[in-house]
Amino acid sequence: MPIKRNPHLFLLFFLILPFCSSAQRYSIKDSTHVFALLDAAETMFSAGKNDSAILFAQQATQFAEALNFKKGVAYSLIEKADIHIGEEKLDKAESLAKQSYDLGQQIKDSLIMAIAKMQMAQVKMYGRHYDDAIVLFEKCTNYFNRHPSKYAALAFNDFGFTYGQISNPQKQAAYLIKALEVYDKMKKPDLQELAIVLNNLSALYYNLGDKKRAVDYGEKSIALRKNIGNISKLALGYCNLSQIYLGTDDAKAKQYQLLGVKYAEESKDESMMISAYISSSQLAGNQKKYSESLGYEKKAVSLLEKSGKNPAMLSKRYISLGFSYGQLADSIEAYRYFEKSLLLSTQLKDKSDLRDVYYYLTIFFKQYKNYYDAYENYKKYILYRDSIINENTRVSIAEIETKYQSAKKDNEITRLNAGQRIKELQIEKQNALIAGNKLEAQRKEKEIELLSQAKELQELKIKQQDDQLEKQQLLAKNNTQQLQLAEKEKQLQRRQLKNSNNIRNFMLAGIGLLILLSYFLFNRYQLKRKIREQQALLVIRTNIARELHDEVGSTLTSIKILSEVSEKHLSKDQAKTSAFLQKITEQSAMAQQGISDIVWSVRPENDKMENMVIRMREYIAHTLESKNIHTHIDIDESIPDQTLDMNQRRDFLMIFKEAVNNIAKYACATHVNVRLEKYGQFINLLIADDGKGFDTEKQTSSNGLKNMNARATALNGRISITSELNKGSSVNLYIPTT
């Protein structure tokens with residue numbers, strides 16, 4: 001939502017500035033001309049004539065620069081940044097905001113600096129860099145907390161909107177209500193911006209399930225927009241109300257939906273048309289008219305994919321399309337759109353969308369009697385649902401609003417009492433003047449001034465106390481929520497551990513049944529199968545022969561040579577003989593381990609990654625833990641179900657063993673982290689240590705790193721080996737799943 005300022009506020013501000021400095025080459029008339037140009041730019045911008053708006057703003061910039069009128073230049077840059085934000089030319093807007101901030105620093109104008117920081121934050125917000133936006137909003141709101149104004153309300157509203165985008169409803173509510181507080185204290189608030197705040201509060205309470213408050217704020221926003229006459233924003237308000245009433249009052253939902261479509265089409269605003277289509281789809285779906293709902297959703301998705309401006313909304317529409325296809329028994333298309341939503345929401349790190357897609361996947365799999373996948377998706381849904389919001393969050397937000405309403409009434413009572421006393425003093429002053437007592441009148445005048453100052457000071461103290469109390473309450477509630485979330489995650493892990501054995505037995509039984517069924521179905525093709533088995537056996541034999549030659553043959557040759565040398569030195573040099581015998585023992589163990597690895601990789605029961613994980617743990621215990629190297633192993637819960645063929649198992653295990661063996665031999669590490677997880681269509685193995693590291697560019701005589709790269713290539717994967725001296729090393733392997 002682009003910022004709409006009142007340029008007359010700027011004009012009034014600069015008309016009261018002193019112009020007596022000899023360094024200034026401008027007059028009140030000059031400043032008036034600058035802000036008249038900015039007024040014209042704002043008018044053009046509001047009418048959608050952005051080119052004309054930029055032209056007027058540029059004229060203001062050039063005029064102010066010619067007079068060295070730096071404040072005029074700064075506000076001209078702010079106006080141009082506003083226009084570019086509205087056009088979504090975020091790079092240009094950010095550059096202009098930085099320039100106006102630098103000018104504010106030069107002339108030590110805190111307001112200009114705060115406005116410029118707010119615009120930088122808005123650029124990050126619209127660019128979906130929410131973490132960066134939060135940092136910038138915190139900086140500008142430090143000023144706006146002390147100086148309430150229209151800009152403070154804008155900053156608080158956008159700050160709240162940003163927290164809403166990262167699924168933090170508690171802070172979202174706090175800042176939206178702060179914006180509302182500022183507007184309540186203004187004599188003539190910007191109705192357009194006030195309507196935006198009310199609409200954002202309506203959306204917040206709708207997401208929290210409080211439809212009563214959502215309707216209340218939504219109706220207030222609609223009433224303001226009717227008076228303003230902005231049909232584009234009015235269409236948005238009607239569409240939002242249509243969604244709120246959906247499921248509780250379908251007649252009103254339909255009424256508002258039709259109004260939303262009407263005004264959206266009149267405005268020819270693409271985003272409004274998308275909202276109208278979505279509302280229409282939801283209304284049709286609620287009435288179980290799934291074909292009609294599907295048609296509206298396709299229109300909305302087509303516009304969203306074309307623009308590419310709102311991937312978060314597109315993710316939600318993919319979910320809706322998947323659900324509609326599921327209701328029409330088109331399971332292939334349904335699952336395809338659920339997968340598209342899952343991929344997109346994962347990229348966006350959108351917890352709300354991840355929660356929703358797992359919920360609808362649960363319904364989808366249950367509908368097709370796939371209870372295992374339904375249960376797995378339901379667990380993920382519960383995890384994301386509980387991490388976003390619980391009942392304590394609703395209570396906390398209710399407390400924030402209650403506190404706001406109470407403080408508002410208390411402040412009104414205080415102002416009324418002080419105002420009443422000021423009126424009484426003014427009457428007493430007039431009576432003293434009438435009676436000719438100028439001294440008494442002067443005393444009354446001073447008393448009025450003191451009381452007015454005390455009133456302002458009291459309001460400031462109340463505001464500071466309220467802000468501090470609100471901050472403490474929010475921090476306490478956040479800590480409580482984090483503790484509850486941690487406890488729920490522990491309970492979920494215990495339940496998963498308890499059920500893992502049953503699930504594994506069920507899967508093994510299913511595999512056994514499938515093998516038995518396959519045996520009977522393909523019995524008639526036994527001869528053809530035997531031929532294939534013989535060919536496969538020939539390949540296995542060839543591979544085993546090659547592995548024995550490469551892995552064991554060279555070792556046995558080395559043992560033979562060492563044995564002959566030991567025999568020669570047996571009587572001459574006992575120390576050398578002992579050393580040679582030790583090497584023979586070590587290489588015999590290596591040969592034995594190599595044969596064991598070959599046999600293990602050939603056995604078909606080791607296809608599952610579950611057995612690979614067991615062998616990895618055994619090797620770590622033998623190699624690292626025996627040397628008092630603390631090892632942390634993190635295995636993704638989906639990994640045990642993955643499979644690798646014989647060659648893949650062999651290469652994967654050899655890469656792992658080479659990495660672990662290098663740590664044991666050379667790293668001098670105390671801690672090693674091993675993580676194995678499924679990442680999209682890849683299995684990812686990460687091995688990191690805190691050892692002394694090494695220079696990856698240095699050439700060595702060892703073939704270990706070369707062999708690891710060669711095996712990764714054979715796996716159709718990729719491997720990266722990074723290290724920094726005295727800061728440890730890491731091996732990161734990605735291989736595609738089968």
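The values are calculated or read from the model by the stated rules, or taken from the named source; none is laboratory data. This one's a predicted model, so the numbers in the text were calculated from it and none came from an experiment. Here the Cβ positions follow ideal geometry from the backbone for every residue, glycine too, while neighbour counts run over all protein chains shown.
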Go through the stretch 679-738 and report how many residues are farther than 30 Å from Leu342 by Cβ and either outside the structural domain of Thr631 (by TED's automatic domain parsing) or not polar (S, T, N, Q) (or both).
21
Does the stretch 59-70 contain any residue that is of a type outside the set (A, V, I, L, M) and touching a residue at least 40 places away in the same chain (Cβ under 8 Å)?
yes
Check the stretch 717-727 and report whether any residue there is outside any helix (DSSP H, G or I), crowded, with 17+ Cβ neighbours inside 10 Å and in contact with a Pro (Cβ under 7 Å, 6 or more places away or on another chain).
yes
Return the pairs, sorted by first residue and then second, in which the second residue is buried (at least 19 other Cβ atoms within 10 Å of the Cβ) and among the hydroxyl-bearing types (Ser, Thr, Tyr), the first residue lies in the stretch 128-141 and is under 18 Å from Lys98 (Cβ atoms), the beta carbons are less than 6 Å apart, and the residues are 6+ apart or on different chains.
Ala133/Thr162
Is it the case that some residue within the stretch 275-293 is surrounded by fewer than 21 Cβ atoms within 10 Å (Cβ to Cβ), within 25 Å of Leu194 (Cβ to Cβ) and in contact (Cβ under 8 Å) with a residue 12 or more places away in the chain?
no
Which residue, of Glu339, Glu305, Glu333, Glu297, is acidic (Asp, Glu), at pLDDT 85 or above and closer than 24 Å to His129 by Cα?
Glu305
Filtered residue count, the stretch 308-336, keeping only those that are assigned to a helix (DSSP H, G or I) and free of Cβ contacts under 8 Å to residues at least 24 places away in the same chain:
3
Quick test of your reading of the structure: Asp651 fulfils all but one of (1) surrounded by fewer than 20 Cβ atoms within 10 Å (Cβ to Cβ); (2) touching a Leu at 6+ places or on another chain (Cβ under 8 Å); (3) not aliphatic (A, V, I, L, M). Name the failing condition by number.
(1)
Provide a single number: the residues in the stretch 138-178 that are part of a helix (DSSP H, G or I), under 21 Å from Lys349 (Cα atoms) and not small (Gly, Ala, Ser).
10
Just to verify a result, which residue in the stretch 190-213, among those that are among the small types (Gly, Ala, Ser) and within 16 Å of Ala174 (Cα to Cα), is surrounded by the fewest Cβ atoms within 10 Å (Cβ to Cβ)?
Ala203
Evaluate the following for Gln642: is it within 33 Å of the chain's Cα centre (by Cα) and either within 25 Å of Lys608 (Cβ to Cβ) or of a type in the set (A, V, I, L, M) (or both)?
yes
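Table: residues versus (1) in the same structural domain as Lys379 (by TED's automatic domain parsing); (2) under 20 Å from Gln243 (Cβ atoms); (3) over 24 Å from the mean Cα position of the chain (by Cα).
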| site | (1), (2), (3) |
| --- | --- |
| Leu283 | no, yes, yes |
| Tyr296 | no, yes, yes |
| Tyr318 | yes, yes, no |
| Gly322 | yes, yes, no |
| Leu344 | yes, no, no |
| Lys349 | yes, no, no |
| Arg355 | yes, yes, no |
Say whether the condition of being closer than 29 Å to Ala40 by Cα and of a type in the set (Ser, Thr, Tyr) is met by at least one residue in the stretch 118-127.
yes
How many residues are more than 33 Å from the chain's Cα centre (by Cα) and either over 22 Å from Leu653 (Cβ atoms) or modelled with pLDDT under 85 (or both) if we restrict to the stretch 708-725?
1
